[in-house]
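Below you'll find the structure, written out as structure tokens, and then a few comments.
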Amino acid sequence: MSQLAAHTTEDLVQWSDELSVGIEEIDNQHRILVDLLNELHRAIVEHRGSEAAHRILAELLEYTRIHFAVEESLMRILGYPDYEEHKHHHELLINEVQELSQKLEAGKKSVNFELLHFLKMWLTKHIMEEDRQYTSHFLARGVQQSYEKRSWVGKFWDSLHHK
């Protein structure tokens with residue numbers, strides 16, 4: 001079996017406890033980001049074409065904006081001391097992905113494994129290093145670790161993009 005064929009069955013990012021911030025709502029949003037990144041990976045590996053890759057990348061960017069807005073709102077409401085720095089990191093990523101997206105649309109760049117590697121490294125590093133830093137602050141201010149009902153963000157996203 002070729003290395004490429006073996007690679008097609010694997011996800012680019014495997015969800016694990018290592019990626020969990022310990023707050024179900026945020027973990028669920030991070031899982032959606034991981035799923036979208038894996039979907040983009042599959043589209044590239046399976047040679048579904050640039051149109052499919054662009055559509056998935058646009059969806060990833062859209063959901064990333066929603067997720068960042070939720071995180072930043074919680075940070076403001078809960079008085080997170082590193083809010084400005086965290087928000088700045090979010091803005092840098094959005095700007096970088098928007099630039100890449102514009103290059104893709106202009107045909108100056110293709111959605112490729114280099115782009116996937118960048119997105120994977122940024123997402124996993126951001127979750128494991130930066131997002132985990134706010135967990136204790138959020139929990140100390142009353143954020144629940146889990147909820148019995150699906151969140152409004154999850155319901156909203158599903159209504160827009162899935163079944």
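The values are calculated or read from the model by the stated rules, or taken from the named source; none is laboratory data. This one's a predicted model, so the numbers in the text were calculated from it and none came from an experiment. No Cβ is skipped: glycine too gets one built from the backbone with ideal geometry, and neighbour counts run over all protein chains shown. Please note that ligands, DNA and RNA were not included when accessible areas were found on the heavy atoms of the full protein model with its side chains. Shrake-Rupley method; radii C 1.70, N 1.55, O 1.52, S 1.80 Å.
Observations on the structure shown:
- All-pairs Cα distance distribution in the stretch 1-132, expressed in whole percent, bin size 5 Å: 2, 10, 19, 23, 19, 13, 9, 4, 2, 0, 0
- The stretch 7-121 - percent of accessible surface contributed by carbon and sulfur, probe 1.4 Å: 50
- Once the chain from E99 to N112 is taken as fully extended at 0.36 nm per residue, the excess over their C-alpha distance is 3.2 nm.
- The tail of the calculated P(r) for the stretch 26-71 beyond 11 Å holds 63 percent of all Cα-Cα pairs.
- Remark: C-alpha extents of the stretch 45-101 on the principal axes read 45, 17, 15 Å, sorted largest to smallest.
- Rounded FRET efficiency, nearest 0.05, which uses the C-beta distance separating E51 from M128 and R0 of 30 Å: 0.35
- Residues of type aspartates and glutamates that K87 reaches as a straight line, Cα spacing below 13 Å, ignoring anything fewer than 8 places off in the same chain: E71, E72, E130, D131
- Those aspartates and glutamates that a straight Cα-Cα span of less than 12 Å connects to K125, excepting residues fewer than 8 apart in one chain: E18
- Label-to-label distance, nm, for residues given as E24 and L139 (7 Å Cα→Cβ offset): 1.5
- Proximal charge balance of V143 [Cβ under 11 Å; K/R count +1, D/E count -1]: -1
- Dipole magnitude for the stretch 13-100: about 280 debye, using +1 per Lys or Arg Cβ and -1 per Asp or Glu Cβ, origin at the Cα centre.
- Positive minus negative residues near V34 (Lys, Arg vs Asp, Glu; Cβ under 11 Å): -2
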